[in-house]
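S.K.: Can you keep this structure in mind? I'll have questions shortly.
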Amino acid sequence: MWSMDKIRRAAGSGFYPAITLPSYASMFGGMKCKIPRLARRGDEILHKAVIDFRAQQKDKGVKIPGNPDFESAKALFMVSIMLGLHEIVRMSPEHRGEFLELASQEEPTKHVMRNLSEPLEAIIGAIEANMGYGMSLSFAHDNVIDIVMSGAEVDTGIILSQSLQNELILAS
């Protein structure tokens, strides 16, 4: 798994646009939200990485246990939390507390999960724009495919509840 510092360097000037949600961008009238464009490209790259990975495994005669869905909102949500995106994603202050509260529930909605899965896909797109296609594929393999394949499970509710408590402490 890549460190946040390595991710920032790889994404270059596209890092902050990749983690800026529309609610944050709208607070600054002229700020254009670039996350949809970056996320679309990142989604395409992730999809290609998954297809390549599955083909490689098939060629080797390796059966992928459990046939995981690498591109599901839930898988990307979990990877985003493991990377720490929930701590740095830029959203309006009034949405941050609500987001952390809803995301820490046992079964967060797809909309809530998308608030972290889209920035993850956008980071993949930003890495491609800054470092090229090969580096973005490497990121997708190292930070999505490898983590999902490892079977790593994290209690996202506990992690997000701790973040919410920290936000409340800082706000008081």
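The values are calculated or read from the model by the stated rules, or taken from the named source; none is laboratory data. In this text the structure is predicted, and so the values were computed from the model without any measurement. Every residue, glycine as well, gets a Cβ built from its backbone with ideal geometry; the counts of neighbours run over all protein chains shown.
S.K.: Can you find, within the range 26-66, the residue that is nearest to PHE15 (Cα to Cα) among those that are assigned to a loop (DSSP other than H, G, I, E, B) and basic (Lys, Arg)?
M.R.: Of the range 26-66, the ones assigned to a loop (DSSP other than H, G, I, E, B) are 26-34, 60-66.
The next check asks that each one be basic (Lys, Arg); those that pass are 32, 34, 60, 63.
Details: LYS32: 14, LYS34: 11, LYS60: 36, LYS63: 36 Å.
By that ranking, first place goes to LYS34.
S.K.: Can you go through LEU83, LEU137, LEU120 and tell me which one is buried (at least 23 other Cβ atoms within 10 Å of the Cβ), within 25 Å of ARG9 (Cα to Cα), within 16 Å of the chain's Cα centre (by Cα) and not charged (D, E, K, R)?
M.R.: Values: LEU83 fails: buried (at least 23 other Cβ atoms within 10 Å of the Cβ); LEU137 fails: buried (at least 23 other Cβ atoms within 10 Å of the Cβ).
Matching residue, one of LEU83, LEU137, LEU120: LEU120.
S.K.: Those residues that are at pLDDT 90 or above, more than 13 Å from the chain's Cα centre (by Cα) and aliphatic (A, V, I, L, M), I need them from the range 28-49; list them, please.
M.R.: Selection gives ILE45, ALA49.
S.K.: Answer yes or no as to whether ALA126 is without any contact (Cβ under 8 Å) to a residue 40 or more places away in the chain and either of a type outside the set (Val, Ile, Thr) or closer than 22 Å to SER150 by Cα (or both).
M.R.: On the way: without any contact (Cβ under 8 Å) to a residue 40 or more places away in the chain: no; either of a type outside the set (Val, Ile, Thr) or closer than 22 Å to SER150 by Cα (or both): yes.
Taking the combined requirement at face value, the residue does not satisfy it.
S.K.: Keeping to the range 1-39, report how many residues are closer than 26 Å to SER150 by Cα and not small (Gly, Ala, Ser).
M.R.: 9
S.K.: Being modelled with pLDDT of 85 or more and either on the phi > 0 side of the Ramachandran plot or out of contact with any Pro (no Cβ under 8 Å at 6 or more places or on another chain) (or both) narrows it down to one residue among ALA103, ALA55, ALA18, ALA25; which is it?
M.R.: Numbers: ALA103 fails: modelled with pLDDT of 85 or more; ALA18 fails: either on the phi > 0 side of the Ramachandran plot or out of contact with any Pro (no Cβ under 8 Å at 6 or more places or on another chain) (or both); ALA25 fails: modelled with pLDDT of 85 or more.
Sole residue among the options that is modelled with pLDDT of 85 or more and either on the phi > 0 side of the Ramachandran plot or out of contact with any Pro (no Cβ under 8 Å at 6 or more places or on another chain) (or both): ALA55.
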